[in-house]
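Trainee: Got a structure here, written out as structure tokens. Questions coming.
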Amino acid sequence: MTTHSGSAHSWNTRAVHAGKDDLAALGLHAPPIDLSTTYPSHDVVAEAARLDDFAAGNDDGGPPVYGRVTNPTVRRFENALAELEGAEAAVAFASGMAALSACLLAQVAAGRPEIIGVRPLYGTTDHLLDSGLLGNSVRWVAPEEAASAITGRTGLVVVESPANPTLTEVDLRALTDACAPVPVLVDNTFATPVLQRPLALGATMVLHSATKYLGGHGDVMGGVIACDEEFARSLRQIRFVTGGMLHPIAGYELLRGLATLPVRVRAASATAAELARRLAEHPRVTQVYYPRLGGAMVSFETSADPIALVSAVGLITPAVSLGSVDSLIQHPASLTHRIMDEVARKDAGISPDLVRLSVGLEDVEDLWTDLTQALAQAVR
Ligand SMILES: *Cc1c(COP(=O)(O)O)cnc(C)c1O
């Protein structure tokens, strides 16, 4: 019989098998989808004890009670993602924003409502922190100023690297060293654990909009936090009462996505690096942003009309979001980062001439043909 013990295999192998170690013994090959909202229990006393345990944020992998609290299909995805990020635990939510909200609520409830934010961040993350809608306050700082902004009521340092949409990279090791013991949350949506594992660089929590690369096919929404078991308990407590649980079908799709994540990210990154190189030499491109870390996102500033450019593509889809098997292009100042304060947008380096490209798995020559014809058409 084949077994897949965690440490015995390489990371790429774990991406294929994580969360599925028990399947063979169950006589299964594909993971089952459990759509139950409730579960039979003829032992009321035992069930009551389990509910108390869930309310305290524990999830020992035992029998589920109710679909808002825990679900076996979702748990497979959580276990797999935790393993790939090198975390003790992971807690999955209905979207990336639901996952981030749970982190904020946990810290606000613990009497640590002050958030330190490093711009640029995903537009809605920026808006959530800046609006104070969840009872938090925020101080926006440069990475090297983060430590000096810490007070006794600081709950979280929030950072994205590479950041959206400028692909700015932050020295995560320097930041986490400087801010310890205040928890640092790293949004790892762009890099994915294929290219960067922030917990190994001292981060406390890793956020993914699983909607993007983890799902990878533009057909599932989800969010997840990878962290230690203590934080996971507070996040499960919040999820239990706010109901932002990931749907089991989404859990199934996300687990399936993890198996191809390394191959997808590496292939799309190679294409993105080549497109970044060619764009840098194009006469209508004034600046190209591509992370040293690599990745499948490329941003560039153009002397052409950026809005006309985004409308002129054919093969590439003009759309927000990213991380799908097909390529997407969008204009951050009009769309994803529209919700930000205008001065803050300029300060974060998000120029009105900036275009953001999410590179998929198409052939590099077909993408280049589409980009160059769109650049040619989009004369100001
Ligand atoms: C999309 C995204 C989010 C928000 O995730 P949703 O799944 O849309 O709620 C957060 N951070 C980054 C970097 C994103 O790209």
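Trainee: Among the residues of region 210-246, count how many are more than 15 Å from the ligand (Cβ to nearest atom) and polar (S, T, N, Q).
Mentor: The total comes to 2.
Trainee: Show me the strands (runs of 3 or more DSSP E) entirely contained within region 152-230 in which 1 or more residues are within 21 Å of residue 78 (Cα to Cα) and in contact with a Leu (Cβ under 7 Å, 6 or more places away or on another chain).
Mentor: 184-187, 205-209, 223-227
Trainee: Can you confirm whether region 246-267 contains a residue that is assigned by TED's automatic domain parsing to the domain that holds residue 108 and in a loop (DSSP other than H, G, I, E, B)?
Mentor: yes
Trainee: Looking only at region 247-262, decide whether some residue is more than 14 Å from the ligand (Cβ to nearest atom), aliphatic (A, V, I, L, M) and over 20 Å from residue 16 (Cα atoms).
Mentor: Scanning region 247-262 turns up no residue that is more than 14 Å from the ligand (Cβ to nearest atom), aliphatic (A, V, I, L, M) and over 20 Å from residue 16 (Cα atoms).
Trainee: Here's another thing I want to ask about it. Looking at region 164-184, is at least one residue free of Cβ contacts under 8 Å to residues at least 12 places away in the same chain and either away from the ligand (no atom under 11 Å from the Cβ) or hydrophobic (A, V, I, L, M, F, W, C) (or both)?
Mentor: yes
Trainee: Pairs needed: first member in region 104-128, closer than 13 Å to residue 183 by Cβ and modelled with pLDDT of 95 or more; second member anywhere, of a type in the set (Phe, Trp, Tyr) and away from the ligand (no atom under 16 Å from the Cβ); C-beta distance under 9 Å; at least 6 residues apart or different chains.
Mentor: Pairs that qualify, where the first residue is closer than 13 Å to residue 183 by Cβ and modelled with pLDDT of 95 or more and the partner is of a type in the set (Phe, Trp, Tyr) and away from the ligand (no atom under 16 Å from the Cβ), are 106/231; 116/140.
Trainee: With respect to residue 274, determine if the residue is without any contact (Cβ under 8 Å) to a residue 40 or more places away in the chain, acidic (Asp, Glu) and either in a helix (DSSP H, G or I) or outside the structural domain of residue 164 (by TED's automatic domain parsing) (or both).
Mentor: no
Residue-wise test of (1) closer than 26 Å to residue 256 by Cα; (2) in the same structural domain as residue 193 (by TED's automatic domain parsing); (3) not hydrophobic (A, V, I, L, M, F, W, C).
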{"position": "282", "(1), (2), (3)": "no, no, yes"}
{"position": "323", "(1), (2), (3)": "yes, no, yes"}
{"position": "329", "(1), (2), (3)": "yes, no, no"}
{"position": "345", "(1), (2), (3)": "no, no, yes"}
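Trainee: OK, next. Taking region 60-79, which residues are in a helix (DSSP H, G or I) and touching a strand residue (DSSP E or B) at 6+ places or on another chain (Cβ under 8 Å)?
Mentor: 74, 77, 78, 79
Trainee: Here is a follow-up. Filtering region 111-130 down to residues that are among the small types (Gly, Ala, Ser) and either within 15 Å of the ligand (Cβ to nearest atom) or in contact with a strand residue (DSSP E or B) (Cβ under 7 Å, 6 or more places away or on another chain) (or both), which residue is nearest to residue 209 (Cα to Cα)?
Mentor: The extreme case among them is 123.
Trainee: Find the residue count for region 283-316, including only residues that are within 16 Å of the ligand (Cβ to nearest atom), within 20 Å of residue 209 (Cα to Cα) and crowded, with 16+ Cβ neighbours inside 10 Å.
Mentor: 6
Trainee: Of the numbered conditions (1) within 14 Å of the ligand (Cβ to nearest atom); (2) touching a helix residue (DSSP H, G or I) at 6+ places or on another chain (Cβ under 6 Å), residue 203 fails exactly one; give the number of that condition.
Mentor: Result: residue 203 passes all but (1).
Trainee: Residue 78: over 14 Å from residue 239 (Cβ atoms) and in the same structural domain as residue 141 (by TED's automatic domain parsing), yes or no?
Mentor: no
Trainee: Filter region 177-203 for residues that are surrounded by 24 or more Cβ atoms within 10 Å (Cβ to Cβ), β-branched (Val, Ile, Thr) and on the phi < 0 side of the Ramachandran plot and give the result.
Mentor: 184, 186, 189
Trainee: Which ones in region 117-151 are farther than 19 Å from residue 97 by Cβ and either touching a Leu at 6+ places or on another chain (Cβ under 7 Å) or assigned by TED's automatic domain parsing to the domain that holds residue 288 (or both)?
Mentor: Result: 143, 146.
Trainee: Where in region 290-380 are there helices (runs of 4 or more DSSP H), lying fully within it, with 1 or more residues that are under 15 Å from residue 167 (Cα atoms) and in contact (Cβ under 8 Å) with a residue 40 or more places away in the chain?
Mentor: 342-347
Trainee: Another question about this same structure. If you check 100, 105, 84, which single one turns out to be in a helix (DSSP H, G or I) and over 14 Å from the mean Cα position of the chain (by Cα)?
Mentor: Going through 100, 105, 84 in turn, just one is in a helix (DSSP H, G or I) and over 14 Å from the mean Cα position of the chain (by Cα): 105.
The values are calculated or read from the model by the stated rules, or taken from the named source; none is laboratory data. This is a predicted model, so every value here is computed, not measured. Cβ: placed from backbone, ideal geometry, glycine included. Neighbour counts: every protein chain shown.
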